[in-house]
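Notes for the one structure printed next.
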Amino acid sequence: MPVFKVWNGARTVKKATVASTLAEIKEKGAQKVLLPPCIHPVDITVCLEEDGTIIDEDEILIELGGKTLLILGPQEIWQPVVVNTALSPSSAPVTCAPSQQKVNSSVGIPQSPPSVLLEAAVPMDPLTDISDLLQSLVKAPLPKFSPLVQNHLSGTCIPSVIWQKMIRECGIYYMENFPDIRDQSAYKVIGEKMYKRYPNIALEECLHQRPQPTHPSPETSNEN
């Protein structure tokens, strides 16, 4: 069975484990890097540490035995290693709000305006002129999402897998156009713009659309 190095998004927890399927590496990896148990596997992203390539098939995973993988929780995206930087936002532990645990065993969709929509593993070095950057973000258009994401953003609810895809597309857009983003106030501007344009991203009803863990029904248990 292949052996993998599994690290958390901030690269502060580094462990090793064996797995032969994507589901297995998500389950074992999440435990190894200390992700909260309330996170549903569908909200966990597995990618190569070296370049962020997302692993989404069992066959690909098997071919990558011995590689170092990042186990990313909700709202985390891959970022390259930056030397001599301050603590990044994704270095903070991922937690689960009690209200979210009651609705579902996963996390990731905020119940309030997503001011931290794009919190990612980026350094928080002070900018020489943060005001110029904030003004540019206010004036800049929002990302042009893929048709799949756009259709859900215009609807009434966003499934968890679409939420993750939206986060990735946002991250790519802003990292390409605003590579100097390092300050929490910049993420707040982006989150507020997204909320004004797509207010349904914070609807509480969306929580009910998240993938539910499967458990055998009482009837099934009795039959067995």
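Considering Y187, Y174, Y195, which residue is modelled with pLDDT of 70 or more, under 19 Å from the mean Cα position of the chain (by Cα), open to solvent by 30 Å² or more (accessible area, probe 1.4 Å) and among the aromatic types (F, W, Y)?
None of the other options fit; the residue is Y195.
Among the listed residues E49, E63, E76, which satisfies the condition of being more than 17 Å from R168 (Cα to Cα) and not β-branched (V, I, T)?
Being more than 17 Å from R168 (Cα to Cα) and not β-branched (V, I, T) holds for just one of E49, E63, E76, which is E63.
For every residue, the table says whether it meets (1) assigned to a helix (DSSP H, G or I); (2) in contact with an Asp or Glu (Cβ under 7 Å, 6 or more places away or on another chain); (3) in contact (Cβ under 8 Å) with a residue 12 or more places away in the chain.
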position: V138; (1), (2), (3): yes, no, yes
position: F145; (1), (2), (3): no, yes, yes
position: L148; (1), (2), (3): yes, no, yes
position: N151; (1), (2), (3): yes, no, no
position: C170; (1), (2), (3): yes, no, yes
position: Y187; (1), (2), (3): yes, yes, yes
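Need pairs with beta-carbon distance below 7 Å; first residue farther than 14 Å from G65 by Cα and within segment 11-32, second in a helix (DSSP H, G or I); sequence gap 6+ or separate chains.
Sorted first by the residue in segment 11-32, then by its partner, the pairs are T12/S91; K15/K32; A23/P41; K26/P41; E27/P41.
Just to be sure I understand, how many residues within segment 141-163 are within 28 Å of I130 (Cα to Cα) and either out of contact with any helix residue (DSSP H, G or I) (no Cβ under 6 Å at 6 or more places or on another chain) or among the aliphatic types (A, V, I, L, M) (or both)?
Matching residues across segment 141-163 total 3.
Sort out for me the strands (runs of 3 or more DSSP E) sitting completely within segment 1-82 that have 2 or more residues that are open to solvent by 20 Å² or more (accessible area, probe 1.4 Å) and of a type in the set (A, V, I, L, M, F, W, C).
By residue number, 3-8, 14-18.
Could you list all residues from segment 8-38 that are of a type in the set (A, V, I, L, M, F, W, C), within 21 Å of Q79 (Cα to Cα) and touching a helix residue (DSSP H, G or I) at 6+ places or on another chain (Cβ under 9 Å)?
Result: A10, V13, A16, I25, A30, L35.
Just for segment 131-163: of the residues that are open to solvent by 10 Å² or more (accessible area, probe 1.4 Å) and touching a Pro at 6+ places or on another chain (Cβ under 9 Å), which one is farthest from P199 (Cα to Cα)?
V161
The values are calculated or read from the model by the stated rules, or taken from the named source; none is laboratory data. None of the values given here were measured: they were computed from a predicted structure. Please note: Cβ atoms are built from the backbone with ideal geometry, for glycine as well, and neighbour counts cover all protein chains shown. Surface accessibility is based on the protein's heavy atoms, side chains included, excluding ligands, DNA and RNA. Shrake-Rupley method; radii C 1.70, N 1.55, O 1.52, S 1.80 Å.
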